[in-house]
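Data block below; observations after.
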Amino acid sequence: MNLLKLLTIVTLTFGFLNAEVISHKVQKDSYEIVLKSEKSLVIGDNIFFASLYKDGVVVTNAKVKAKFFMPEMPGMPYMEFKDKAKLVDGKYKFMINLSMGGTWQYHLMFKSADGKVHKIRSSINL
Ligand SMILES: [Cu+2]
C-alpha cells in the first residue's frame, strides 16, 4: 500500500469518527428552536429536523426555510444550499447538501402564524 492510499484511508476514517450529530438550541423572539441533524454530518445530503416551541408548547403552523452557505475562499466560489422544510411528526424536516468540509454558516427562517419572520444565524463544522 502506498503512502497516499494510507493517508487517504486515515483521513476518511478520522473524518468519519470526527463527524458529529448537530444539536443546536437557540432562543429567538420568545421562541425556542432546536436544530438537529438526523445523523452525523457528511459531505453530501444531510437531513435536519427543527423543532419550534413558544412558551414550552410545540408550534406546528410556521413556515420554515433553511439556507446553508460558505463564503468565497481562495480557489473556491461562494456556495449555498436552500430548502423549505416539511412538517413531519411535529418537526420541520429539510435536506441540505453540504458539498465540502469546513465551516458552513446557516440561516434558519421561520414565519409564524402572525406573519412575522424570524431569523436565526449560526454555523456548523463539517
Ligand atoms: Cu469552502
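Remarks
- Considering only alpha-carbon pairs that sit under 8 angstrom and 6 or more positions apart, the relative contact order computed for the chain is 21 percent.
- Peptides 23-29, 35-41 ordered by packing proxy, namely the average of other Cβ atoms within 10 Å per residue, highest first: 35-41, 23-29.
- Across segment 86-115, the residues whose backbone nitrogen lies under 11 Å from the label position 7 Å along the beta-carbon direction of F69 are 105-107.
- When each of K28/K91; K84/K119; K39/K116; K25/K93; K25/K63; K54/K82 is checked by Cα-Cα distance, pairs over 23 Å: K39/K116; K54/K82
- Summing Lys and Arg as +1 and Asp and Glu as -1 over all other residues whose Cβ lies under 13 Å from the Cβ of K86 gives a net charge of +3.
- Ranked by the mean number of other Cβ atoms within 10 Å of their residues, highest first, the peptides 65-76, 45-56 fall in the order 45-56, 65-76.
- Cα long-axis angle, helix 3-18 against the chain (0 to 90 degrees, to the nearest 10): 20 degrees
- Rounded FRET efficiency, nearest 0.05, which uses the C-beta distance separating E20 from D114 and R0 of 30 Å: 0.30
- In terms of Cα atoms, the Rg and Dmax of the chain work out to 16.8, 62 Å.
- Within-12-Å neighbourhood charge of I120 [Cβ basis; K, R +1; D, E -1]: +4
Bear in mind that the values in this text are calculations on the coordinates, not laboratory data. Remember, predicted model here, so these are calculated numbers, not experimental data. Cβ atoms come from the backbone with ideal geometry, glycine included; neighbour counts cover every protein chain shown.
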